[in-house]
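The values are calculated or read from the model by the stated rules, or taken from the named source; none is laboratory data. Model, not experiment: these values are computed from the prediction. When we count neighbours, we look across all protein chains shown, and the Cβ atoms used for this are built from the backbone with ideal geometry, even at glycine.
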Amino acid sequence: MTPWCISRRLLTSAVLPMAMAVLPLPAVAQGVDVERLQDESVRWVQEYLRVNTMNPPGNEIAGARFLAAIFEREGIPYEIAESAEGRGNIWARLEGGDEPALILLHHIDVVPADERYWTTDPLSGAIRDGLIYGRGALDTKALGIVQLAGFLALHRSGVALERDVIYMATADEEAGGFFGAGWLVENRPDIFENVGFLINEGGGGTMVDGVASFGVEVTQKVPYWLRLTTRGEPGHGSRPNPSSAVTELIAALDRLRQHEFPARVVPAVDVMFKGIAPGFSEPWRTRFADLDRAIREPGVLAELQAYQAGLHALTRNTCSTTRLMGSDKINVVPPQANAEIDCRLLPDQDPEEWLAELANVLGTEVDIEVLMGFSPAVSTTDTDLYRTLAAVTDRHYPDADFVPQVAGGFTDSHFFRDLGIVSYGYSPMAPPQEDGSGVHGNDERVSVENVRRGVAMMVEIMSRFAAERPISEE
């Protein structure tokens, strides 16, 4: 499938097996003590959260060693590679048949946490009222443990596998992945030979008013991180010139603030909104069912941004000013000023055309440096893995929506889509919507119940995709 050929037909065909599937307990689950694995996983989540891998500096090697100790107890060979001192990556492989291999991927690093704004130590892994607290609980250490449980279930069951399954935990995702997934792709390409599929963060379930909704991330907005620089005559703060590097930068950023990038609905976003529309009340149900028409109505885009900024961001290119740098001293007008902006492009956007538009908005006084950017790609939903995710999700959440999803943020999946690997963002957990504020925020947490159910689902997913006939053949 070429980019942007995801159709409503694919959405429908992907959902149908959910409604039709009445599936027996898979062979792997029959041969493994799943309850014991759930107990172990809750404990492992707590222990993993206590390993300080905040990035910067990362120190992911500590997380890699934590996982290595589990592999050693299980008798599973593994490899660790450091892309730089302390920047550890780990992977282990269960060998199977000739079918294209599957990677289970999560990142070890987490963003910093300020203990002053938490109700518990961010590195405590404490359980309170059925919730496990800690930085990385949702992003992505609990997911990593749930994936580990599915991986270990395959190993413990002794069932012959149809394909290799690779468990991989990487460094540096929170800063772009260049010491982690990107480094492995460049320096250890042998790992990815005959790999056809990957499950990563970026999608999963959300519980709203007791009703679950699941999305599988198939593509994402493309990040372009930029540094803007202006220059001017330096001097003493008591003698301001008519213009300076700082004032020119402020003026340029204000032009950017007022600029509205054109709104449009790309096909993958259209499929996603049509899929989620039934779960919303009016007027959003009708608007999401035909988003391209709705955004042309006066005031709808502003309403959508106020209602759900994340959904609004999927309708246009965006830029957020996140860092400002000027003088080192309050009484010195600097010769140079800088701003760093986090821009996200729609997946079909030509970056050069967009950079030309941005340069026109900012003005000739501003130099633009691209700090990071990459090419977009879309993963098809017409696969046995997607159908397996759909069927197992339906077994455990029979009333849940299940749709392909476009992520407003980005993950390491882009490194693997560039290799032609079908990559899905999926987590078999459905935390309540309000807990999502803990991702990169305060009091990040995941429920014990979500971990336990996630383990059961991942064991079933691994059994059906790696050790049995594909869903489409049943």
Search the stretch 206-230 for residues being farther than 27 Å from THR315 by Cα and crowded, with 16+ Cβ neighbours inside 10 Å, and hand back the single one that is nearest to the chain's Cα centre (by Cα). THR229
Residues that are more than 16 Å from the chain's Cα centre (by Cα), in a loop (DSSP other than H, G, I, E, B) and aliphatic (A, V, I, L, M): does the stretch 348-363 have at least one? no
Subset tally (residues that are part of a loop (DSSP other than H, G, I, E, B) and touching a helix residue (DSSP H, G or I) at 6+ places or on another chain (Cβ under 7 Å)) for the stretch 265-277: 1
If we ask which residues in the stretch 278-306 are modelled with pLDDT of 95 or more and in a helix (DSSP H, G or I), their number turns out to be 17
Enumeration of residues in the stretch 48-69 that are in contact with a helix residue (DSSP H, G or I) (Cβ under 9 Å, 6 or more places away or on another chain) and within 24 Å of MET462 (Cα to Cα): TYR48, GLY63, PHE66, LEU67
Taking interchain pairs and intrachain pairs at least six residues apart, which have beta carbon atoms under 6 angstrom, with the first residue in the stretch 306-326 and within 30 Å of THR247 (Cβ to Cβ) and the second β-branched (Val, Ile, Thr)? CYS319/ILE341; THR321/ILE341; GLY326/VAL246
From the list TRP118, TRP91, which residue is over 19 Å from the mean Cα position of the chain (by Cα) and within 13 Å of GLY180 (Cα to Cα)? TRP91
Scan VAL446, VAL392, VAL403 and give me the residue that is in the same structural domain as ARG128 (by TED's automatic domain parsing), in a strand (DSSP E or B), under 28 Å from ASP33 (Cβ atoms) and of a type in the set (Val, Ile, Thr). VAL446
From the options GLY196, GLY203, residue that is crowded, with 18+ Cβ neighbours inside 10 Å and either within 30 Å of GLY275 (Cβ to Cβ) or assigned by TED's automatic domain parsing to the domain that holds SER423 (or both): GLY203
Checked against (1) loosely packed, with under 15 Cβ neighbours inside 10 Å; (2) modelled with pLDDT of 95 or more, SER375 satisfies every condition except (2)
If I ask for residues that are farther than 28 Å from LEU345 by Cβ and in contact (Cβ under 8 Å) with a residue 12 or more places away in the chain, which ones from the stretch 188-222 would you list? ARG188, ILE191, ASN194, MET207, VAL208, VAL211, ALA212
Scan the stretch 407-417 and tell me whether some residue there is surrounded by 21 or more Cβ atoms within 10 Å (Cβ to Cβ), closer than 21 Å to ILE127 by Cβ and either modelled with pLDDT of 95 or more or touching a Leu at 6+ places or on another chain (Cβ under 7 Å) (or both). no
Can you find, within the stretch 172-193, the residue that is surrounded by the most Cβ atoms within 10 Å (Cβ to Cβ) among those that are within 14 Å of the chain's Cα centre (by Cα) and more than 12 Å from PHE415 (Cβ to Cβ)? GLU174
Residues being under 18 Å from PHE151 (Cα atoms) and either part of a loop (DSSP other than H, G, I, E, B) or not acidic (Asp, Glu) (or both) - total across the stretch 33-57: 11
Those residues of the stretch 307-347 which are crowded, with 17+ Cβ neighbours inside 10 Å, of a type outside the set (Gly, Ala, Ser) and in a helix (DSSP H, G or I) amount to LEU311, HIS312, LEU314, THR315
If I filter the stretch 231-257 down to residues being modelled with pLDDT of 95 or more, of a type in the set (S, T, N, Q) and part of a loop (DSSP other than H, G, I, E, B), which single residue comes out as surrounded by the most Cβ atoms within 10 Å (Cβ to Cβ)? SER244
What pairs can you find where one residue is in the stretch 156-169 and surrounded by fewer than 21 Cβ atoms within 10 Å (Cβ to Cβ), the other is among the aromatic types (Phe, Trp, Tyr), and their Cβ atoms are less than 7 Å apart, with a gap of 6+ or different chains? ILE166/TRP91
Filtered residue count, the stretch 29-84, keeping only those that are within 30 Å of VAL159 (Cα to Cα), touching a strand residue (DSSP E or B) at 6+ places or on another chain (Cβ under 8 Å) and of a type in the set (Ser, Thr, Tyr): 1
I'm checking my understanding of the structure. Among residues of the stretch 98-115 that are over 13 Å from the mean Cα position of the chain (by Cα) and in a strand (DSSP E or B), which one is surrounded by the most Cβ atoms within 10 Å (Cβ to Cβ)? LEU102
Taking GLY144, is it closer than 24 Å to VAL32 by Cα, surrounded by 23 or more Cβ atoms within 10 Å (Cβ to Cβ) and modelled with pLDDT of 95 or more? yes
